[in-house]
Amino acid sequence: MRDTTAEAGRGAETAKPGLSRACPRAYTHCPMRLALFDIDGTLMQAGGAGMRAFVRAIGEVFDVTVDRKAINPDGKTDPLIAREFLAHCGEEHRLNEVSGAALFSAYLIALEDEMERARAAGSVRVLPGVVELLEALSSSPEFALGLVTGNLERGAAIKLSKAGLDGYFHFGGFGSDSADRTGLIREGIGRGARHVAPRPVEAAFVFGDTPLDVSHGRAAGATVIAVASGRYSRAELDACNPDLVLPDLTAVGPILSFLRGGLPGSLR
Ligand SMILES: [Mg+2]
């Protein structure tokens, strides 16, 4: 997922013609904009496959039964979700480096299986406008696409591949980098900066569907675009004071204008 060598080559091949029009300076000095995406509820929905995989893995490793609805996972990282599940059933004291590694190993096996079942059942859904927006960003040389997600890096790859969205993203920050969402977003921005170097990063945009995406995205210094395609309404997200709130990602042209410095009012 972080094949920077391949991406640098791809960028060099595709970027020069567009940049020669958009940027009069040398190619290597053109400022870049990072478009960073949350996965669940922002790019896609998986019909609860992730939580079912957690329940299975916790049962296998800790021999306890947890209710998948016992905690609210929205916007949380996989390490935090695991800790909250175990705390809910009074087993948090058993979580350590060894048992945590076993848990996530079992989780990734269960996730592959649950995601395939969900895909076969037709409950893996790419959200409206996502493919069109990712295609438009991918063909615009001033943007670099990454992920900022609480999923483990391998879990993110599993989910995206089952949704047919793998191949768009070349760097990211993940739950396997940090249990703290601000930390993983900072990691994603840092990897994005290294990915586009020597071109400088002019702006970093975080797309997310929960209040935690908004608060942690802002804490990490990003411009935050909240999308009401998950479980939170536009009003609930607006109350968190993001830079922009959208009902979904279908307004591709206006979204690109905003990312290029247009007025957010054009999308409201
Ligand atoms: Mg989400």
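At a glance:
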| item | result |
| --- | --- |
| Options Ala82, Ala87, Ala110: the member that is outside the structural domain of Ile158 (by TED's automatic domain parsing), under 12 Å from Arg52 (Cα atoms) and surrounded by 14 or more Cβ atoms within 10 Å (Cβ to Cβ) | Ala110 |
| Restricting region 84-104 to residues that are within 22 Å of Asp180 (Cβ to Cβ) and touching a residue at least 40 places away in the same chain (Cβ under 8 Å), the residue that is farthest from the ligand (Cβ to nearest atom) | Leu103 |
| Single unsatisfied condition, Ala157 versus (1) away from the ligand (no atom under 16 Å from the Cβ); (2) at pLDDT 95 or above; (3) surrounded by fewer than 16 Cβ atoms within 10 Å (Cβ to Cβ) | (3) |
| Test: Arg94 is at pLDDT 95 or above, basic (Lys, Arg) and in contact with a helix residue (DSSP H, G or I) (Cβ under 8 Å, 6 or more places away or on another chain) | no |
| Index of the failed condition, Gly75 passing every other in (1) within 26 Å of the chain's Cα centre (by Cα); (2) assigned to a helix (DSSP H, G or I); (3) surrounded by 14 or more Cβ atoms within 10 Å (Cβ to Cβ); (4) of a type in the set (Gly, Ala, Ser) | (2) |
| Scope region 110-133; condition without any contact (Cβ under 8 Å) to a residue 40 or more places away in the chain and either among the aliphatic types (A, V, I, L, M) or in contact with a Leu (Cβ under 7 Å, 6 or more places away or on another chain) (or both); matching residues | Ala120, Val131 |
| Total residues in region 50-64, condition assigned to a loop (DSSP other than H, G, I, E, B) and either touching a residue at least 24 places away in the same chain (Cβ under 8 Å) or crowded, with 22+ Cβ neighbours inside 10 Å (or both) | 1 |
| Residue that is farthest from the ligand (Cβ to nearest atom) [pool: residues in region 205-249 that are under 12 Å from Asp38 (Cβ atoms) and among the polar types (S, T, N, Q)] | Ser229 |
| Extreme residue, nearest to the ligand (Cβ to nearest atom), among residues of region 34-60 that are among the aliphatic types (A, V, I, L, M) and closer than 17 Å to Asp113 by Cα | Ala46 |
| The listed residue being in contact (Cβ under 8 Å) with a residue 60 or more places away in the chain and not in a helix (DSSP H, G or I), out of Leu147, Leu137 | Leu147 |
| Matching option when the condition is more than 16 Å from the ligand (Cβ to nearest atom), buried (at least 22 other Cβ atoms within 10 Å of the Cβ) and not assigned by TED's automatic domain parsing to the domain that holds Asp74, among Ala136, Ala144 | Ala144 |
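The values are calculated or read from the model by the stated rules, or taken from the named source; none is laboratory data. This structure is a prediction, so every number in the text was calculated from the model and none was measured. When we count neighbours, we look across all protein chains shown, and the Cβ atoms used for this are built from the backbone with ideal geometry, even at glycine.
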